[in-house]
Amino acid sequence: MSAAKSSTATGTTATADRPGDHKDHRPGYRGRFAPSPTGLLHIGSLVTALASWLDARAHRGQWLIRIEDLDTPRVVPGAEHSILATLSSLGLESDAPPLRQSQRSDLYREALDTLRQQGLAYRCLCARSEVEHPYAGTCRDAAHQREPSAWRLRLNPDDAIDFDDRFQGPCHYPNRALGDPVIFRRDGLAAYQLAVVVDDLAQGITDVVRGADLLESTAWQLQVIAALKAAPPRYAHVPLVVEADGAKLAKSRHSVAVGTLRPGAALVQALTLLRQAPPEGLEDSTPADILDWGIAHWNSVAFLRQLVLKLP
Ligand code: GLU
């Protein structure tokens, strides 16, 4: 997941005005949950949604839902409605009408133009299937003009990024291990690494709480934010729920759609997976009461510095 993550590297290359430095963060607390409508909400996503909601509420903050339906070929009809209905049945409602990335292409295009004007973006003609991670920089100095092309952000290969993840601790990624990220796709759609940054900034998000599978993405996103000359949010990566043997959630009782469970049972299962130790019988309370218990007992130390949470 993150070979470059190190709990001992505490800012070897950081300077005071680096992205990730706490003094630059936005004041207050505004969190978000940003599901991709590519399927039904399952317990792994509920764990992330609940962690971000509880963290927001425990900080007396706001919480927004954003629908990340940018990757239109992967969007499943009806999934957005079903995810929102499931979250609502659990008492997890957005404090503002949910934004949809599919309606924000102009903003992403503007951000690309800003980066291009500074010479920070370059055209890439490499076929996706041929590119390895980290990207070797094949098109970096080619000055391609041909359309269609993807666009990549130009990172300084001799530099590194350090940030302090609230749940995962100090993280250190050399740019050589990251490679230049795609910020616009060849099919004309904004890439995740750009869209997520544009939206987090536009929505004034102060705290990104999301799955640990996106920890490495944070290293790219902080550099997109720096290139856009904006202040970054704080980041907190929640461990991923995996099977007892470490495998991805299989088609088992644990990957059933949350919407098919009793709301109380679903919330208590998510609290249990987050090691919040809910008391016996809590699942018989109303979702509102379960959430109140969750806020009062929110304890991120229970899963601190863990990238995965294994099912029993
Ligand atoms: N849309 C992403 C997902 O469903 C989450 C992106 C984020 O939280 O930054 O995995």
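The values are calculated or read from the model by the stated rules, or taken from the named source; none is laboratory data. Since the structure is predicted, the reported quantities are computational estimates derived from the model, not experimental observations. Positions of Cβ are backbone-derived with ideal geometry, glycine not excepted, and every protein chain shown enters the neighbour counts. Surface areas here come from the heavy atoms of the whole protein model, side chains and all, with no ligands, DNA or RNA. Shrake-Rupley method; radii C 1.70, N 1.55, O 1.52, S 1.80 Å.
One residue stands out among those in region 108-148 that are open to solvent by 80 Å² or more (accessible area, probe 1.4 Å) and in contact with a strand residue (DSSP E or B) (Cβ under 9 Å, 6 or more places away or on another chain): the one that is modelled with the lowest pLDDT, which is Arg128. Only one entry in Asp180, Asp200 is open to solvent by less than 30 Å² (accessible area, probe 1.4 Å), in contact with a strand residue (DSSP E or B) (Cβ under 9 Å, 6 or more places away or on another chain) and over 18 Å from Leu155 (Cα atoms), namely Asp200.
Residue-wise test of (1) more than 15 Å from the chain's Cα centre (by Cα); (2) touching a residue at least 60 places away in the same chain (Cβ under 8 Å).
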site	(1), (2)
Leu120	yes, yes
Ser129	yes, no
Tyr135	yes, no
Tyr173	yes, yes
Arg185	yes, no
Thr206	no, yes
Gly211	no, yes
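Filter region 52-80 down to residues that are touching a Gly at 6+ places or on another chain (Cβ under 9 Å) and among the aliphatic types (A, V, I, L, M) and give me whichever is surrounded by the fewest Cβ atoms within 10 Å (Cβ to Cβ).
This residue is Val76.
Filtering Ile43, Ile83 for residues that are open to solvent by less than 10 Å² (accessible area, probe 1.4 Å) and within 30 Å of Arg186 (Cβ to Cβ) leaves a single hit, Ile83. Among the residues of region 33-52, those that are within 13 Å of the ligand (Cβ to nearest atom), of a type in the set (A, V, I, L, M, F, W, C) and closer than 14 Å to Ser300 by Cβ comprise Val47, Ala51. Take the residues in region 70-101 that are in contact with a helix residue (DSSP H, G or I) (Cβ under 6 Å, 6 or more places away or on another chain) and part of a loop (DSSP other than H, G, I, E, B), then tell me which one is farthest from Thr286 (Cα to Cα). Within region 70-101, the match that is farthest from Thr286 (Cα to Cα) is Leu70.
Of all the listed residues (Ala226, Ala195, Ala219), the sole one being surrounded by fewer than 20 Cβ atoms within 10 Å (Cβ to Cβ) and either more than 11 Å from the ligand (Cβ to nearest atom) or outside any loop (DSSP other than H, G, I, E, B) (or both) is Ala226. Does Arg66 count as in contact with a strand residue (DSSP E or B) (Cβ under 8 Å, 6 or more places away or on another chain), under 30 Å from Trp293 (Cβ atoms) and part of a helix (DSSP H, G or I)? No, not satisfied. Residues in region 236-251 include none that are in contact (Cβ under 8 Å) with a residue 24 or more places away in the chain and either of a type in the set (Phe, Trp, Tyr) or assigned to a helix (DSSP H, G or I) (or both).
Please verify whether region 136-149 includes one or more residues that are within 28 Å of Ser105 (Cα to Cα), more than 16 Å from the ligand (Cβ to nearest atom) and of a type in the set (Ser, Thr, Tyr). Yes - at least one qualifying residue is present in region 136-149. Checked against the criterion of being free of Cβ contacts under 8 Å to residues at least 60 places away in the same chain, touching a Ser or Thr at 6+ places or on another chain (Cβ under 7 Å) and open to solvent by 10 Å² or more (accessible area, probe 1.4 Å), region 252-274 contains not a single residue that satisfies it. A single entry from Asp158, Asp165 fulfils the requirement of being among the acidic types (Asp, Glu) and open to solvent by less than 10 Å² (accessible area, probe 1.4 Å): Asp165.
Against the list (1) more than 19 Å from Leu309 (Cβ to Cβ); (2) more than 12 Å from the ligand (Cβ to nearest atom), the condition Thr272 fails is (1).
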